[in-house]
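The values are calculated or read from the model by the stated rules, or taken from the named source; none is laboratory data. All values derive from a computational prediction rather than experimental measurement. We place every Cβ from the backbone using ideal geometry, glycine too, and count neighbours over all the protein chains shown. Quick note on the areas: whole protein, heavy atoms, side chains included, nothing else; ligands and nucleic acids left out. Shrake-Rupley method; radii C 1.70, N 1.55, O 1.52, S 1.80 Å.
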Amino acid sequence: MIPLNKPYLPDQNRYQQYLQTAFDSQRLTNDGPLVQQLKAALEQYLGVKYLLPVVNGTMALQLAYKTFNLKGNAVTTPYSFIATSSSLQWLNIHPNFADIETKSLNLCPDKALAAINRETSALVPVHVYGNPCDVEAFERIKAKTKVKLIYDASHAFGIKLGERSILSYGDASTLSFHATKLFHCVEGGAVIFNKEKDYRRAARMINFGIAPENGHISGPGINGKMSELHAAMGLALLGDIDNILARRNQLFDYYKTLLCPYFEFPLWHHEASQNAIYFPVIFKSAADCNQAFLTLKKQGIGSRRYFSPSLNTLTDTFSGQSVSCPVSEGYAQRLLCLPLYFDLTEEEVEEVCSTLINSLALKQENR
Ligand SMILES: *Cc1c(COP(=O)(O)O)cnc(C)c1O
């Protein structure tokens, strides 16, 4: 059995040491010392300012939407995990879907610009698989139309464009620290703001709207705080992050070497680093993809059409006229993500690849 994903578990003693500080101080939540330590460590590691830890990645998105008071609709990609769009809809902000680029699989700036209308308050692009969007093009659209620009950077932990963190673009970027992600706190997330005043506003909002300095309530809020016990996991894991990234990248490169002759892959931004959070392969047809999925499953190998369905097709969930996004709908049917996690071995990568390659030969015979 080779699962699609396994959460990374840090050394239990090290985790225990962080937990011990919480037991000693008897501080369990409310912006305690471990959350503050994690915030500082992440800001330094990621090379960003104004990082606010929160309870999960979906809260991070909603907090960013609330901080910038989004209304009406937000132009976003149909090719993402459901949370990008359902978090908008939950706040009565209509996800206004525009199609993706053929090569990068990220929201297409031209199509996004064309989708902007009088009700649009923001763009919410996603760095899909950690591959940076065309951030310069989105910056130009923001300057021209004055919409807010919020990146769902849930996949983009540690990604840089040249020397600059991808998280430093736009008005805000959000991260997910869910157990299935590259870096995690069991459950958790963060918003990285561009401006200090937005960070301060959001910090009040996640504490019921109460200002930490004077206890004043300046607007409605919610409880979005990360706990000390979750921060402990993050701190323990952050000690291993360079190893995690190195190992994942090794496995990613090995997959690529073995599968290059047979498959295509999303085109990576030429200036970007790589974090190997997923290993996506593109098939020639939906039928090939389906055959591969079933053959892998029979061998006990997990894979997933990530991302499927194309979110614009969920018209019941995202009430509104259906829009057609043919590029996204196509990839939703002919792309699989393969097993990729720290403990995966080279032998297992070889097994996945040979099963995959054989599945295509099987299909030929069936014709
Ligand atoms: C994981 C993920 C989220 C949601 O994060 P949670 O921490 O699970 O709430 C949002 N957007 C994308 C693209 C994700 O992959």
When residues of the range 2-34 are filtered for being within 16 Å of the ligand (Cβ to nearest atom), open to solvent by less than 60 Å² (accessible area, probe 1.4 Å) and either out of contact with any Gly (no Cβ under 8 Å at 6 or more places or on another chain) or β-branched (Val, Ile, Thr) (or both), how many remain? 1
Among the residues of the range 227-244, what is the count of those that are open to solvent by less than 30 Å² (accessible area, probe 1.4 Å), more than 11 Å from LEU19 (Cβ to Cβ) and part of a helix (DSSP H, G or I)? 5
Among the residues of the range 48-63, which ones are open to solvent by less than 60 Å² (accessible area, probe 1.4 Å) and either of a type in the set (D, E, K, R) or under 19 Å from ALA236 (Cα atoms) (or both)? LEU51, LEU52, PRO53, VAL54, VAL55, ASN56
So the check is Cβ under 7 Å with 6+ separation or different chains; which pairs have a first residue in the range 186-200 that's at positive phi and not assigned by TED's automatic domain parsing to the domain that holds VAL48 and a second one that's open to solvent by 40 Å² or more (accessible area, probe 1.4 Å) and more than 16 Å from the ligand (Cβ to nearest atom)? none
Kindly list the number of the only condition in (1) within 13 Å of the ligand (Cβ to nearest atom); (2) open to solvent by less than 40 Å² (accessible area, probe 1.4 Å); (3) not aromatic (Phe, Trp, Tyr) that fails for ILE82. (2)
Would it be correct to say that LEU149 is touching a Lys or Arg at 6+ places or on another chain (Cβ under 8 Å) and either more than 12 Å from the ligand (Cβ to nearest atom) or in a strand (DSSP E or B) (or both)? yes
Note: among PHE183, PHE157, PHE177, PHE138, just one is surrounded by 21 or more Cβ atoms within 10 Å (Cβ to Cβ) and away from the ligand (no atom under 16 Å from the Cβ), namely PHE138
Tally up the residues in the range 275-332 that are in a loop (DSSP other than H, G, I, E, B), open to solvent by less than 70 Å² (accessible area, probe 1.4 Å) and closer than 26 Å to GLU350 by Cβ, please. 11
Among SER121, SER168, SER80, SER87, which is of a type in the set (Gly, Ala, Ser) and under 24 Å from LEU237 (Cα atoms)? SER168
If only one of LEU42, LEU38 is in contact with a Cys (Cβ under 9 Å, 6 or more places away or on another chain), farther than 28 Å from SER303 by Cβ and crowded, with 18+ Cβ neighbours inside 10 Å, which one is it? LEU38
Going residue by residue through the range 165-172, is there one that turns out to be of a type outside the set (S, T, N, Q), open to solvent by 40 Å² or more (accessible area, probe 1.4 Å), on the phi < 0 side of the Ramachandran plot and assigned by TED's automatic domain parsing to the domain that holds ASP24? no
Go through the range 188-222 residue by residue and tally those that are open to solvent by less than 80 Å² (accessible area, probe 1.4 Å) and within 16 Å of the ligand (Cβ to nearest atom). 6
Residue by residue through the range 160-178, note down the ones that are outside any strand (DSSP E or B) and more than 12 Å from the chain's Cα centre (by Cα). GLY162, GLU163, ILE166, SER168, TYR169, GLY170, ASP171
Contacts under 9 angstrom Cβ, first residue in the range 216-245 being not assigned by TED's automatic domain parsing to the domain that holds ASN69, partner among the basic types (Lys, Arg) and not in a helix (DSSP H, G or I), 6 or more apart: none
